[in-house]
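The values are calculated or read from the model by the stated rules, or taken from the named source; none is laboratory data. All figures in this text were calculated on a predicted structure; none of them were measured in a lab. Using ideal geometry, Cβ is built from the backbone for each residue, glycine included, and neighbour counts are taken over all protein chains shown.
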Amino acid sequence: MKRPAHHLIWIAVAVISTLTGCATSPTGRKQLMVVSDQQMSQLGTQAFQEMGRKGKFANAPRQRAYATCVAKALIAVLPPKWRNQDWQVQIIDEDSANAFALPGGRIGVNKGMFKIATTQDQLATVLGHELAHVVARHGAERVSDNMAVQGAVLAGTLYGASRGNDAGRTMAALGLGAEVGILLPFSRTQESEADILGQRYMAQAGFDPRAAVTLWQKMGQQGSKVPAFLSTHPAPSQRAGKLQQQAQQLMPVYQQARANGHAPNCRM
């Protein structure tokens, strides 16, 4: 028996409702969270292992030891849940300036990152930011957001079909609207949050928080043709300005950390 469109819409809405779960990020922001840390750790570990199977890891012992030194100093100041994980660092055989940290204790640094992050403090900016994504559970939040958006697009498509609209066009229009209106803004929020937390971690670990400003100024010089409002990252100029303000506030934290023996000396 064919069910009326409005009945299918309510089924879709019910599915979305079952996804709803709340969490709070380290900065106090409310998050939709419907996947567990264990599930995300499994996904992160699997993704890292797959990269290894595909030969993505570079044979770069000096760079790996250097990145591991910086990462260890940062991990030492993370909340216990993440500080006590078994972390692994690999160098990725890519020339682009990029890095990542995955749930499950995995860190990857592209070879090209060392051309931009030329000091330990600048590399700490990058790795602190990526570790902040993990601590703030941004990966799980992103998966949860996608699940909710998929349900919302389904409901909108069914409604459009019930009003005589072309289902394919409705799906396409709603899909674009969902991406620009929900997923990308959330991603920019997550990026800004990771900036805040990452700079805090680097100061607590004894890395100069002012290096975050320098790093993002250098990143901005790389250029990008992507409009700021469609970018998953804040514009480097906006980023540097906010980090400059926070750097001044974090200088006492950095100085106290150094006085307490948190004085990393990582060299390549």
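Please name all residue pairs, on different chains or six or more residues apart, with Cβ atoms under 7 Å, provided the first residue is in region 12-31 and is surrounded by fewer than 16 Cβ atoms within 10 Å (Cβ to Cβ) and the second residue is modelled with pLDDT under 70 and assigned to a helix (DSSP H, G or I).
VAL13/ALA155
Which pairs have Cβ atoms under 8 Å, sit 6 or more apart or on different chains, and link a residue in region 86-99 that is touching a residue at least 60 places away in the same chain (Cβ under 8 Å) and assigned to a loop (DSSP other than H, G, I, E, B) to one that is surrounded by fewer than 19 Cβ atoms within 10 Å (Cβ to Cβ) and of a type outside the set (Val, Ile, Thr)?
As it stands, the answer is ALA97/GLY112; ALA97/LYS115; ALA97/GLN222, since those pairs meet every condition given.
Within region 56-78, can one find any residue that is within 19 Å of LEU197 (Cα to Cα) and either free of Cβ contacts under 8 Å to residues at least 24 places away in the same chain or part of a strand (DSSP E or B) (or both)?
Yes; the residues of region 56-78 include at least one that is within 19 Å of LEU197 (Cα to Cα) and either free of Cβ contacts under 8 Å to residues at least 24 places away in the same chain or part of a strand (DSSP E or B) (or both).
In region 116-131, what residues are of a type in the set (A, V, I, L, M), buried (at least 24 other Cβ atoms within 10 Å of the Cβ) and either free of Cβ contacts under 8 Å to residues at least 12 places away in the same chain or under 20 Å from GLY220 (Cβ atoms) (or both)?
Correct list: ALA117, LEU123, ALA124, VAL126, LEU127.
For region 25-55, which residues satisfy the criterion of being closer than 19 Å to HIS129 by Cα and outside any helix (DSSP H, G or I)?
Listed by number, the residues that qualify are SER25, PRO26, THR27, GLY28, ARG29, GLN31.
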